[in-house]
Amino acid sequence: MSLAPLSLHKPNYLSVSNTLRSWLLTTDHKRIAILFLISITFFFFIGGFAAVLMRLELMTPHADVVDKEAYNRLFTIHGVVLIFFFLVPSIPGVLGNFLIPIMIGARDMAFPRLNLASWYLYLIGGIIVLTSILIGGADTGWTFYTPYSSVYSNSAVFTMAVGVFVAGFSSILTGLNFIVTTHTMRAPGMTWFRLPLFIWSHYATALIMILGTPVLAIAVLMVAVERMGVGIFDPALGGDPILFQHLFWFYSHPAVYIMVLPAFGVISELVTCFSRKRIFGYTFVAAASLAIAVLGFLVWGHHMFVSGQSAYASMVFSIISFTIAVPSGIKVLNWTATIYKGRVWLTTPMLYAFGFIGLFTIGGVTGLFLAAMAIDVHVHDTYFVIAHFHYIMVGGTVMAYLGGIHFWWPKMTGRMYPEGWAVFSAILIFVGFNLTFFPQFLVGYLGMPRRYHIYPEEYQALNILSTAGASILGIGYLFPFTYLLWSLRRGPRAESNPWDAAGLEWQTTSPPPTFNFEKTPIVTQEAYAYELVSQEDDLPGRPNPTEGEIPVLDAPPQEDQP
Amino acid sequence: MSLKRLLSRTLPLWAMLTAPTLAWAQTAPETFGRPTTVPVNVFDGSASTDTMFNFVTWLTLSVLVAVLITLVIFAVKYRYQPGRRSIFIHGNNALESVWTLIPTIILAVIAVLSQDSWSQMKNPPVNPPDEPIRVRIIAMQFKWFFQYPGPDGEFGRLDVTRMNIKSSDVKEQAGLDPTDPASADDIIVGQLVVPKDRTVIADMISIDVIHSFFLPNFRIKQDAVPGMTTRVWLRSNKTSAEVVGTNPNQPLATYTADGEEVVITDAKPFDIVCAELCGNGHYTMRGLLYVVSEQQYNQFLEIEYAAAAAGGEDDGYGY
Ligand SMILES: [Cu+2]
Ligand SMILES: [Cu+2]
């Protein structure tokens, strides 16, 4: 049993080379993860800046910050950039790329070069979208509804659609890599039911990426083609505008699960580690991920109850939409049961996990209103819907992403972040988030439509609350950005397993060497074997590192990594 | 660092964050006194929608509160304490089945109830007490027009190629085909006028992009889609004056063939809101729905039909 940390003078994946070329031509999944981390952070701030301007505009019922043209472009930028260039690649691109090979005991992804190509496609798509913003931006909203987008809009829709199209291929390649890697690269002894739930949820995500993204690509490509005069969706040219909505939501509803399934995976890791417990009902949680991936493809019509689709189709979509609440509910209950009789260590990642469970539950139960057709008719295209999906996508995915970034930061960078500041900003983000989005449920039920920059005066009080919350949320996001950067140089050096966690990724050094493990690990335990992790330490304070005592892996010294 | 110390150390920061909030609140003090209430529902066909909404609200609120309280209790009760260990539980199939089955049953109940309120909203009563009123809703960037079929009960044909947005005559704006005999007695107006307690069946078309016909007071929303006809039905159990009051300065008036102004009512209208992004003027696409008494409705139509028969130009707006 030689699990002592690898000696620090050996090069890790970061120190092995520092030339620009070594970064831009890297095929190391960990370096690609860092490339994604940098680029999605950039796009996060672009999309966030658009949100700041929108919230400022909405502070009063009049147009005093931007005019109608600018406002329509702002919400389009906000949606397109944050969905396709932040949320979709966030957890898979950064944490998934970094952790999947390490968690299954592999030395890299199955297709390292495709992995790099996926980042380049993402970047090219991003540059095209930035270009479209610079040449005037699109004003169709991220939903690109035809025939407005394909015929009537007098804005840079074509360029933006091409950008989204290209970025879609990045997502497809990522999904392909995840699936093949999980099938073929698992270390000896890493059976399917020993896989961490992070892997299961990324596997389910990858299925959606591969099966759904091509349909989005087709839909936006057809919009681009129709802008060149070929009739597809415009009824004046013999087309059907509703067809676009079917194609768009066939991807874009499952895309919600592309964004939130990886978050489920992160939360399963955080809750087990900081409750010092095995996950409650492993098979149920894993199966729920797959059930969500499958059912997610059958509910897109719930976005179209008022679109003019058949009333009977709506009834079927409504029923299936209710069923998808069941696996999501199972997850929440299993996480709660995992905490039961655990030993809850309230670190920053665990705070984010608690925040996630609470906010995701709010987002989930408000989804029931939208699945019930008659209620949806009233709140459709109002701020109620805006609040609902921000609770899922920001309250859910962004919380989990930040929790995951804090949890694995020591592994990725070899440095600890400052816990006091991190706790403070987690609380700030939680408060700011709720103040921003909760009033939107109310103002939406009152009838305030989305995509209006001028609105009746009686809605102003709730809008002021929302804008005030957004300012707290915005400042809250700047803190982690600042102290995480600071920690890169000044943070205390991280041990290989600062959280005393059971996952395979904690058995290698922080940061890991280029090929992840000095010797191919042999797995003899299921994931979350926290009964085997020492509990002798006395908190508060960090638990004592106990590497020598964890028989999770058994690495025979003769088996050398080639 | 303890939370208390953390909060006290960062006091200036909290002050910094609340200051702008308070400043904003000062910019519109009257706003905070203004009552923001849910729009009164005047449509019997969506009464069950409100019942459902309240039911789902209470149900989900109790589930939510239960989950949140459990989380807080667990976080406190099972917090990291020296000497106390976590207890290992691998799962419990019976428990999993229970918390799969119970939500499934609850969801099935909501799903069934929502089918019922959906069909009430979608289907006008089979045997209405009297003949339903038929109107055609015409949506275009960025206004709503309403076509009444005239005494012959038939809608005249609309022809996109005849549309002339710059015309001062709404019939020409909407492209009503004068060669269609059914067109002769039709009127097209800029506000929807219907009587209280009568079933109205409205077929909806759009002549450019997708718009959405949203009546907050009726809990109704339906997209107007180019290339197809969609339908809503409505019936108001109150006049708009009873709900939103009156404004004598801006009454609903109409003009006889001789150009004489006749005031129908000083009621304020219900809002018609466009809920689907349709272009730069989307937010301006507000329509007016007057629900008036049967006599006022008949008077309105008589004058409009007489004016149409006289062949006068029609600006479509009563005021
Ligand atoms: Cu959806
Ligand atoms: Cu509109």
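The values are calculated or read from the model by the stated rules, or taken from the named source; none is laboratory data. Model, not experiment: these values are computed from the prediction. Neighbour counts run over all protein chains shown; Cβ positions are idealised from the backbone, glycine included.
You will find that of B:Ile205, B:Ile165, B:Ile201, the residue that is crowded, with 19+ Cβ neighbours inside 10 Å and either touching a residue at least 60 places away in the same chain (Cβ under 8 Å) or farther than 30 Å from A:Asp376 by Cα (or both) is B:Ile205 and no other. Scanning the range B:251-277 for residues that are in a strand (DSSP E or B) and within 14 Å of chain A (Cβ to nearest Cβ) yields B:Phe270, B:Asp271, B:Ile272, B:Val273, B:Cys274.
Among the residues of the range B:195-219, which ones are within 14 Å of chain A (Cβ to nearest Cβ) and away from ligand 2 (no atom under 16 Å from the Cβ)? B:Ala202, B:Asp203, B:Asn217, B:Phe218, B:Arg219, listed by residue number. Using the structure shown, decide if A:Ile242 is of a type in the set (Val, Ile, Thr), more than 16 Å from ligand 2 (Cβ to nearest atom) and within 16 Å of A:Glu526 (Cβ to Cβ). No: the conditions fail for A:Ile242. Which numbered condition in (1) within 23 Å of A:Ala374 (Cα to Cα); (2) more than 8 Å from chain B (Cβ to nearest Cβ) is the only one that A:Val431 fails? Condition (1) is where A:Val431 drops out. When A:Leu462 is tested against (1) without any contact (Cβ under 8 Å) to a residue 24 or more places away in the chain; (2) more than 9 Å from chain B (Cβ to nearest Cβ), just one condition goes unmet, and that condition is (2). So in the range A:309-326, with the set limited to residues that are facing another protein chain (nearest Cβ under 8 Å) and either within 16 Å of ligand 2 (Cβ to nearest atom) or without any contact (Cβ under 8 Å) to a residue 40 or more places away in the chain (or both), which one is farthest from the chain's Cα centre (by Cα)? Restricting to residues being facing another protein chain (nearest Cβ under 8 Å) and either within 16 Å of ligand 2 (Cβ to nearest atom) or without any contact (Cβ under 8 Å) to a residue 40 or more places away in the chain (or both), the top hit is A:Ala311.
Here B:Val65 passes the criteria (1) more than 28 Å from B:Val194 (Cβ to Cβ); (2) among the hydrophobic types (A, V, I, L, M, F, W, C); (3) without any contact (Cβ under 8 Å) to a residue 40 or more places away in the chain; (4) at the interface with chain A (Cβ under 9 Å from one of its Cβ atoms) except the one numbered (4). Cβ-Cβ distances below 7 Å connect the following pairs, each with a first residue in the range A:227-251 that is more than 9 Å from chain B (Cβ to nearest Cβ) and surrounded by 21 or more Cβ atoms within 10 Å (Cβ to Cβ), a second residue that is part of a loop (DSSP other than H, G, I, E, B) and of a type in the set (Asp, Glu), and a separation of six or more residues or different chains: A:Phe233/A:Asp240.
A single member of A:Gly329, A:Gly355, A:Gly342 is at pLDDT 95 or above and more than 16 Å from ligand 2 (Cβ to nearest atom), and it is A:Gly355.
Given the condition away from ligand 1 (no atom under 16 Å from the Cβ), within 14 Å of another protein chain (Cβ to nearest Cβ) and either within 30 Å of A:Glu526 (Cβ to Cβ) or touching a residue at least 12 places away in the same chain (Cβ under 8 Å) (or both), answer yes or no: does some residue in the range A:216-225 qualify? The answer is yes; a qualifying residue exists. In the range B:271-282, the residues that are in contact (Cβ under 8 Å) with a residue 24 or more places away in the chain and closer than 18 Å to A:Val377 by Cα reach residues that are assigned to a loop (DSSP other than H, G, I, E, B) and more than 7 Å from ligand 2 (Cβ to nearest atom) with C-beta atoms within less than 6 angstrom, at least six apart or across chains, in these pairs: B:Ala275/A:Asp381; B:Glu276/B:Ile210.
Looking only at residues of the range B:68-94 that are of a type outside the set (Val, Ile, Thr) and assigned to a helix (DSSP H, G or I), we find that the one that is farthest from the other protein chains (Cβ to nearest Cβ) is B:Ala94. Is it the case that A:Val306 is within 16 Å of ligand 2 (Cβ to nearest atom) and of a type in the set (Val, Ile, Thr)? For A:Val306, the condition - within 16 Å of ligand 2 (Cβ to nearest atom) and of a type in the set (Val, Ile, Thr) - is met. For the range A:367-398, the tally of residues that are of a type in the set (Ser, Thr, Tyr) and under 20 Å from the mean Cα position of the chain (by Cα) stands at 2. The residue list B:Ser114, B:Ser97 contains one member that is in a helix (DSSP H, G or I), facing chain A (nearest Cβ under 7 Å), more than 24 Å from A:Phe354 (Cα to Cα) and not basic (Lys, Arg), which is B:Ser114.
With respect to B:Gln147, is the statement that it is within 25 Å of the chain's Cα centre (by Cα), away from ligand 2 (no atom under 16 Å from the Cβ) and polar (S, T, N, Q) true? Criteria met by B:Gln147.
Report yes if A:Leu270 is under 30 Å from B:Gly83 (Cβ atoms), touching a Pro at 6+ places or on another chain (Cβ under 6 Å), away from ligand 2 (no atom under 16 Å from the Cβ) and part of a helix (DSSP H, G or I), otherwise no. Spelling it out, A:Leu270 is indeed under 30 Å from B:Gly83 (Cβ atoms), touching a Pro at 6+ places or on another chain (Cβ under 6 Å), away from ligand 2 (no atom under 16 Å from the Cβ) and part of a helix (DSSP H, G or I). A:Met373 meets each of the listed conditions (1) of a type in the set (A, V, I, L, M, F, W, C); (2) at the interface with chain B (Cβ under 7 Å from one of its Cβ atoms); (3) within 15 Å of ligand 1 (Cβ to nearest atom); (4) over 21 Å from A:Phe297 (Cα atoms) apart from (4).
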